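The values are calculated or read from the model by the stated rules, or taken from the named source; none is laboratory data. As the structure is a prediction and not an experimental result, all values here were calculated from the model. In this analysis, Cβ positions are derived from the backbone assuming ideal geometry, glycine residues included, and neighbour counts consider all displayed protein chains. For the accessible areas, the whole protein counts, side chains as well, though only heavy atoms, and no ligand, DNA or RNA atoms are used. Shrake-Rupley method; radii C 1.70, N 1.55, O 1.52, S 1.80 Å.
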Amino acid sequence: MYYVESCTKSTIIIPPQLLKLFKYYENDIIEKNSNFQINEASEEYIITNNILNTKKSEKTFNETLFAYIDKSNLSDVAIYKKAYIDRRLFSKIKSNNEYHPSFGTVVLLALALELTTKEFEDLLKSASYSLPQNSYANITLKYCFDNQIHNINFVNNLMYTILNKQIKDL
């Protein structure tokens, strides 16, 4: 279970550099969306199929995550609170080496840990996800990590403005 502050009704300004990235990757986004049949075209299905990665990392998600937590010098409690992740979910991740988190959970943890883009992609890979630049969600996330934007509420509001979805729903 997640707790992320609800998106505010205030106006969110999408950074011009992000809009330029959307324009640059526009053909990839259109091509990606046209590869699916109408009966499979729910947004959830599309996003899930585009972030799944067939190659698994050498390290498990659990090992990779806790290596980054140790490196951050923050406590486990500080991380799951900062990521707005429920204690029970975090305990499940910690105790089960084979636990497979949702894409949204990985993103929230990466933002809480203030990872670099390379570290974020490494964490995604350890959970069998990738970050292809063929969806607005992925382009937005890469933009945020490239520009060291780690404020979860800001990123969440930005995602909601662009996709009408919160991070936890990715």
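Considering only the range 126-135, I want to know if a residue exists there that is touching a residue at least 12 places away in the same chain (Cβ under 8 Å) and more than 16 Å from LEU170 (Cα to Cα). Scanning the range 126-135 turns up at least one residue that is touching a residue at least 12 places away in the same chain (Cβ under 8 Å) and more than 16 Å from LEU170 (Cα to Cα).
Can you tell me how many residues in the range 122-170 are part of a helix (DSSP H, G or I), open to solvent by 30 Å² or more (accessible area, probe 1.4 Å), of a type outside the set (Asp, Glu) and under 21 Å from TYR80 (Cα atoms)? Going through the range 122-170 one residue at a time, the tally reaches 4.
Of all residues in the range 101-122, none satisfies being of a type in the set (Ser, Thr, Tyr) and on the phi > 0 side of the Ramachandran plot. When THR116 is evaluated against the numbered criteria (1) within 24 Å of PRO15 (Cβ to Cβ); (2) open to solvent by less than 20 Å² (accessible area, probe 1.4 Å), which criterion, by number, is the only one it fails? Failed condition: (2).
Look at the range 137-151: where a residue is closer than 17 Å to LEU109 by Cβ and a partner is in a helix (DSSP H, G or I) and open to solvent by 30 Å² or more (accessible area, probe 1.4 Å), sitting 6+ places away or on another chain with Cβ atoms under 6 Å, you get ALA137/LEU163. Restricting the search to helices (runs of 4 or more DSSP H) fully inside the range 59-98 and requiring at least 3 residues that are open to solvent by 70 Å² or more (accessible area, probe 1.4 Å) gives 61-72, 87-95.
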